[in-house]
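The structure appears right after this line, and notes come after that.
The values are calculated or read from the model by the stated rules, or taken from the named source; none is laboratory data. It should be emphasised that the depicted structure is a prediction, and the values quoted were computed from it without experimental measurement. Please note: Cβ atoms are built from the backbone with ideal geometry, for glycine as well, and neighbour counts cover all protein chains shown. Ligands, DNA and RNA are stripped out before the accessible areas are found, and what is left, the full protein with its side chains, is counted by its heavy atoms. Shrake-Rupley method; radii C 1.70, N 1.55, O 1.52, S 1.80 Å.
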Amino acid sequence: MPPAHDTNMRFKFSILALFLEVIMIVLSGIFVEYKDSDTHKKLYPIFQDVHVMIFVGFGFLMTFLKKYGFSSVGINMLIAAFGLQWGTLMQGFWHMTEQKIQVDIKSMINADFSTATALISFGAVLGKTSPVQMLILTILEITIFACNEHLVTEVLQATDVGASMTIHAFGAYFGLAVTLVLYRPGLKTKHKNEESTYHSELFAMIGTLFLWVFWPSFNSAIAVEQIYQEKAIINTYYSLAASTVVTFALSSLVDQRGKFSMVLIQNATLAGGVAVGTCADMSIGSYAAMCIGSIAGIISVLGFRFLTPLLASKLKIQDTCGVHNLHGLPGILGGIAGIVATAMRHQSRQGIYLTPGRQAAALGSTIGIALVGGALTGAILKLPFLGQASDQNCFDDSVYWEVPEEEKPHEIHFNNYDEHSRLETTM
């Protein structure tokens, strides 16, 4: 018979997850209805691409840790499945007509987008949080994300078609603020499980390839007209290509032996897709898209090589996946590119003229709201009764999963309201 603490941990997550799902069902029954729309033939293929990115791309990208693959893919799936339901409600409340939230393929795409912010933040705290904490983070982050998105698009009337600011920069700095508050002094020196193997890196590369191939759909999905959608696809296509070439070049250059780094190839090659997002649907020219992608590759590689260790040692920001370098810095670059693009050429969307001031305000407010929201969320997640694995058990699937390779029982320590209790599991 399992110890009482084991029962407490199992029931804590199960009761929370089931309770939240009941809330989703009730709220959907009250507020959600189908929208009479004929866009499914046009948008469903794009929705499929985005859906694969969320569940397969993001999930496998985080499987690089040698003993955390189950959690990387599995908790990613949990966050996305819960987040898309909550995102439908949170985004829908801002656009309700006659007290109803109308859902169609476009709203499903936007719901998937909202989960991306939580998945980006998940990368920053990967291996250091519990499933209970991640459910709570998803609730809070998507709620704050929906408010910020409404501020950017409706109040400030800025454009961010590929969400460089509202998803990538927001998710990165939200996650960095959370991991700062949840700082673990015991992980100041590298944890024994915070390493990769040949096969775990290969699995992570699968995630990169899915994201790379489908990123043009991500950046063009919500473009208001077909002509803008085509520009977004083309600009993203060339920006990704440029960032990939530059990443390979710099990866070899910064290595003393001139070898490629799989970490850089998995992440910095995608930076071009992030950075071109804000101005993806603008008439910037393919050459400008390639310039943006090249700069994104440079700052991402240099960020992984020099900035991540500095943030960990000086600012106590333990960024497991390096989301600052893939999403944060390229997201800021994307915001700046949007400012420059609107300053150099008059742009308009649905009768609204885009201005550098609106774009700058959107970038500033997004980062500010993300940092404040992340810090508050981190403070909530730090409450002792939520429970989390102790430092020595971080980055280890066997804390929360049945792991086939493990056959002998072993003890797992938890740092929560009963620090002296033990959870004994048989794997």
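Computed from point charges on the beta carbon alone (+1 for Lys and Arg, -1 for Asp and Glu), the dipole magnitude for the chain about its Cα centre is near 1080 Debye. Taking Cα atoms only, the orientation of helix 286-302 departs from the longest principal axis of the chain by about 30 degrees.
3J(HN,Hα) couplings calculated from phi for the range 263-280 with the Karplus curve 6.51 cos²θ - 1.76 cosθ + 1.60 (θ = phi - 60°) are, in sequence order, 4, 5, 5, 5, 10, 5, 5, 8, 4, x, x, 5, 5, 7, x, 4, 9, 4 Hz; Gly and Pro show x. To the nearest ten degrees, helix 329-344 and the longest principal axis of the Cα atoms of the chain are 10 degrees apart.
In summary, the lysines within cross-link reach of Lys67, defined as a Cα separation below 25 angstrom excluding same-chain residues under 8 places away, comprise Lys12, Lys128, Lys188, Lys190, Lys192, Lys316, Lys382, Lys408. What shape does the range 1-140 take by its C-alpha gyration tensor, where a ≥ b ≥ c are the square roots of the eigenvalues and a/c under 1.5 counts as rounded, a/b above b/c as prolate, and the rest as oblate? Cα axes put the range 1-140 in the oblate bin.
Which of the peptides 223-234, 68-79, 167-178 is most tightly packed, and how do the rest follow, judged by the mean count of other Cβ atoms within 10 Å per residue?
Details: 223-234: 17.0, 68-79: 21.4, 167-178: 29.7.
Going from most to least packed, we get 167-178, 68-79, 223-234.
Rounded, prolate or oblate: which fits the range 40-79, taking a ≥ b ≥ c as square roots of the Cα gyration tensor eigenvalues, rounded meaning a/c under 1.5, else prolate when a/b beats b/c?
Working: a/c = 6.22, a/b = 3.04, b/c = 2.05.
The shape class here is prolate.
Distance between the pseudo-spin-label points of Glu225 and Phe93 (7 Å out from Cα toward the beta carbon): 3.5 nm.
Of the accessible area of the range 251-404, with the probe set at 1.4 angstrom, what percent is carbon plus sulfur? Mind showing how you got there, number by number?
Numbers: 4410 of 6550 Å².
Of all accessible area on the range 251-404, carbon and sulfur atoms account for 67 percent.
Solvent-free Debye calculation, one equal scatterer per alpha-carbon of the range 64-109: log10 I(q)/I(0) at 0.24, 0.25, 0.28 Å⁻¹ equals -0.82, -0.85, -0.96.
Across the protein chains, with a 1.4 Å probe defining accessible surface, the residues Glu194, Glu98 rank Glu98, Glu194 from largest area downward. Taking label positions 7 Å along the Cα-Cβ direction at both Lys188 and Ser348, the computed distance is 5.9 nm, reported to one decimal. Protein heavy-atom accessible surface, 1.4 Å probe, per residue over the chain: 44 Å².
Per DSSP H run of at least 4 residues, take -39500 (n - 2.57); add these up for the chain, divide by its residues and hand me the 222 nm value, nearest 500 deg cm²/dmol.
Working: 15 runs with 251 residues, N = 427.
Estimated from H runs of four or more residues: -19500 deg cm²/dmol.
Using a ≥ b ≥ c from the Cα gyration tensor of the range 201-251 (square roots of the eigenvalues), is it rounded, prolate or oblate, where a/c under 1.5 gives rounded and otherwise the larger of a/b and b/c decides, a/b for prolate? In terms of gyration-tensor shape, oblate.
Each residue of the range 239-323 gets 87 Å³ once the volume of the Cα convex hull is shared out per residue.
Given 25 °C and 0.890 mPa s, how large is the Stokes-Einstein diffusion coefficient of the range 287-348 in µm²/s, with Rh as the Kirkwood radius over Cα pairs? Answer, rounded: 192 µm²/s.
Can you send over the carbon and sulfur percentage of the accessible area for the range 88-229, probe radius 1.4 Å, protein chains only? Solvent-exposed carbon and sulfur of the range 88-229 make up 62 percent of the total.
Sorting the segments 213-222, 46-55, 22-31 by their mean number of nearby beta carbons within 10 angstrom, highest to lowest, gives 213-222, 46-55, 22-31. For q values of 0.11, 0.15 Å⁻¹, compute log₁₀ I(q)/I(0) with the Debye formula on a Cα-only model of the range 217-376, without solvent. Normalising to I(0) and taking log10 leaves -0.47, -0.82. Residue ranges 396-402, 14-20, 325-331, 80-86 sort as 325-331, 80-86, 396-402, 14-20 when ordered by packing (mean number of other C-beta atoms within 10 Å per residue, highest first). Can you compute log10 of I(q)/I(0) for the range 346-395 with the Debye formula, treating each Cα as one identical point scatterer, at q = 0.25 Å⁻¹? Normalising to I(0) and taking log10 leaves -0.94. With the convex hull drawn over the C-alpha atoms of the chain, the volume per residue is 139 Å³.
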